[in-house]
Amino acid sequence: MSDKHVKLTVPEGKTAELPIIEGTMGPPTFDLKTLHRDTGYFTYDSGFAATAACKSAITFIDGNKGVLLYRGYPIEQLAENSNFMEVAYLLMNGELPNPEQYEKFDQEITYHTMIHEKMRALMKGFQYDAHPMAMMVGTVGSLAAFYHDWMDIEDPEHRRLAAIRLIAKMPTLAAAVYKNSVGQPFIYPKNSLNFTERLLHMMYAVPAEPYTPNPVAAKALDLLFILHADHEQNASTSTVRLVGSTGANPFACVSAGIAALWGPAHGGANEAVLNMLDEIGDVSNIDKYIAKAKDKNDPFRLMGFGHRVYKNFDPRATIIRKACHEVLNELGIDDPQLDLAMKLEEIALQDDYFVSRKLYPNVDFYSGIIYKALGIPRNMFTVMFAIARTVGWVSQWLEQYDTPDTRIGRPRQVYIGPKPRDYVPLDKR
Ligand code: SDX
């Protein structure tokens, strides 16, 4: 900690000396701990746009340069050279695994992919048309009901095993959610397959015949999961941390994270992008929808565009756009929605409204097109995001537990309600 500080004097003349806290990279911050004590003031920062809620060593984003690092490694290098299990180990443990560590981690994840048989009964209770994210919120939270002997979260091994269980079981739950929607029997995890092959097998295999996952699809999913694994203190990760700060169990924390991710302004955007492309329908309608997106009186926004942090291209969008072409070519699919998306991006990025606000395509703009090419139903797109982001959520949850000055999260407010007033009896109103 540097001994540099900022002095802040309020109109009433009181002054606070706020220590400056600097990280390895990124903007310096000042510690507000003594602000209210010394000045009587709070700070106001709607949406926490300029507020660091924690210290973290996991992921770094430079929004102006379009930089994304996982434990210091550029996302482009991990996308090119790594795989999702190795990235999961890296995010959880801080270093790339050696061959022995990788093997042990991959086997441990594989070992924990099954869910309790009673979970299957629970999931069969949902209607076939229940939204998959509603089912995921409910079933992930209910995992706590099955591991009460392993939920002493003060025990580091209990915490680590809960993290492993969550990473391992998300694909099994996701596949069961999908099977429930199509009225097919749940498929048990196949330990001889890798993480994404296993997911595809559980989703698309049927007892009546053998099923071999398409290697192109498995590789594309692995890339998408790497790109979606973590992203600093985004809304769902901040939710996981806030719920975790109360001492709630990790299954409840991740269930809350799934609920937050569901929103169309966040992880739900990948589903919303495809809905938007359906609504636009044809290149000839693009100008009309660009105008709607710019119209302050119109709630329509260009889904998959803009980002709280990236004021440049989202590096993940650049990687996914390239993968879109490769996957569709390899699968021999000609999807007019990809052409429409490319045209929409081209036109929007020539429009000053988007350029001046630095609204570029984000991770969700192209991901849905690949998911669609892999045969994944649209209402399962955000479930795919949740499978990947579970690695980031549990990594950040573990880190928070190991951070000594973690306190329960409890923001304050600017009260704009009525001043004190006396109760008026009903017959006097
Ligand atoms: C994810 O945080 C993360 O890291 C998230 C994520 C992750 O990996 O966890 O990256 C994943 O959530 C990506 C974002 C997916 N969401 C969408 O694609 C939905 C569409 N995007 C917008 O809703 C919006 O851009 C947000 C929510 C992403 C960001 O919102 P901000 O930072 O609060 O920006 P803002 O609403 O203050 O917008 C600033 C200006 C406004 O116009 P003015 O008031 O200045 O005139 O830009 C406009 C907005 O109206 N604007 C858009 C727009 N996004 C912002 N106008 C049209 N279309 C859009 N998409």
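Look through L398, L374 and report the one residue that is of a type in the set (A, V, I, L, M), within 22 Å of the chain's Cα centre (by Cα), at pLDDT below 95 and more than 12 Å from the ligand (Cβ to nearest atom). Quick ask: steps written out before the conclusion?
Numbers: L398 fails: at pLDDT below 95.
The match here is L374.
In this structure, L398 does satisfy being in contact (Cβ under 8 Å) with a residue 12 or more places away in the chain, closer than 24 Å to A163 by Cβ, hydrophobic (A, V, I, L, M, F, W, C) and open to solvent by 10 Å² or more (accessible area, probe 1.4 Å). Scanning segment 1-25 for residues that are farther than 18 Å from A57 by Cα, open to solvent by 60 Å² or more (accessible area, probe 1.4 Å) and not in a strand (DSSP E or B) gives D3, K4, P11, E12, K14. Restricting attention to segment 304-333, the residues that are within 16 Å of L344 (Cα to Cα), in contact with a strand residue (DSSP E or B) (Cβ under 8 Å, 6 or more places away or on another chain) and not in a helix (DSSP H, G or I) add up to 3. Would segment 253-260 turn up any residue that is farther than 18 Å from L166 by Cα and under 15 Å from the mean Cα position of the chain (by Cα)? Scanning segment 253-260 turns up no residue that is farther than 18 Å from L166 by Cα and under 15 Å from the mean Cα position of the chain (by Cα). Scanning segment 99-122 for residues that are more than 23 Å from H228 (Cα to Cα) and either of a type in the set (V, I, T) or free of Cβ contacts under 8 Å to residues at least 12 places away in the same chain (or both) gives P99, E100, K104, I115, E117, A121. The lone criterion from (1) touching a residue at least 24 places away in the same chain (Cβ under 8 Å); (2) of a type outside the set (A, V, I, L, M, F, W, C); (3) under 27 Å from A144 (Cα atoms) left unmet by Y204 is number (3). Can you tell me which residue in segment 269-290 is farthest from the ligand (Cβ to nearest atom), limited to those that are touching a Phe, Trp or Tyr at 6+ places or on another chain (Cβ under 8 Å) and among the acidic types (D, E)? Out of the qualifying residues, it is E279. Annotation note: of H307, H325, H266, the sole residue that is out of contact with any helix residue (DSSP H, G or I) (no Cβ under 7 Å at 6 or more places or on another chain), within 11 Å of the ligand (Cβ to nearest atom) and open to solvent by 10 Å² or more (accessible area, probe 1.4 Å) is H307. So A235 clears everything in (1) surrounded by fewer than 19 Cβ atoms within 10 Å (Cβ to Cβ); (2) within 16 Å of the ligand (Cβ to nearest atom); (3) under 18 Å from Y366 (Cβ atoms) except one condition, right? Which one? Checking A235 against (1) surrounded by fewer than 19 Cβ atoms within 10 Å (Cβ to Cβ); (2) within 16 Å of the ligand (Cβ to nearest atom); (3) under 18 Å from Y366 (Cβ atoms), the one that fails is (3). Within segment 47-77, being under 14 Å from S238 (Cβ atoms), among the small types (G, A, S) and open to solvent by 80 Å² or more (accessible area, probe 1.4 Å) holds for one residue alone: A53. Of the residues examined, T246 is not one that is of a type outside the set (D, E, K, R), part of a helix (DSSP H, G or I) and more than 13 Å from the ligand (Cβ to nearest atom). For segment 334-356, residues that are assigned to a loop (DSSP other than H, G, I, E, B) and not hydrophobic (A, V, I, L, M, F, W, C) total 4.
Residue count for segment 403-429 under the criterion of being touching a residue at least 60 places away in the same chain (Cβ under 8 Å) and either in contact with a helix residue (DSSP H, G or I) (Cβ under 9 Å, 6 or more places away or on another chain) or among the small types (G, A, S) (or both): the result is 4. Total residues in segment 277-303 satisfying the condition of being part of a loop (DSSP other than H, G, I, E, B) and in contact with a Leu (Cβ under 6 Å, 6 or more places away or on another chain): the figure is 0.
The values are calculated or read from the model by the stated rules, or taken from the named source; none is laboratory data. All figures in this text were calculated on a predicted structure; none of them were measured in a lab. Neighbour counts run over all protein chains shown; Cβ positions are idealised from the backbone, glycine included. Just so you know, the surface numbers come from the protein's heavy atoms only, side chains and all, with ligands and any DNA or RNA stripped out. Shrake-Rupley method; radii C 1.70, N 1.55, O 1.52, S 1.80 Å.
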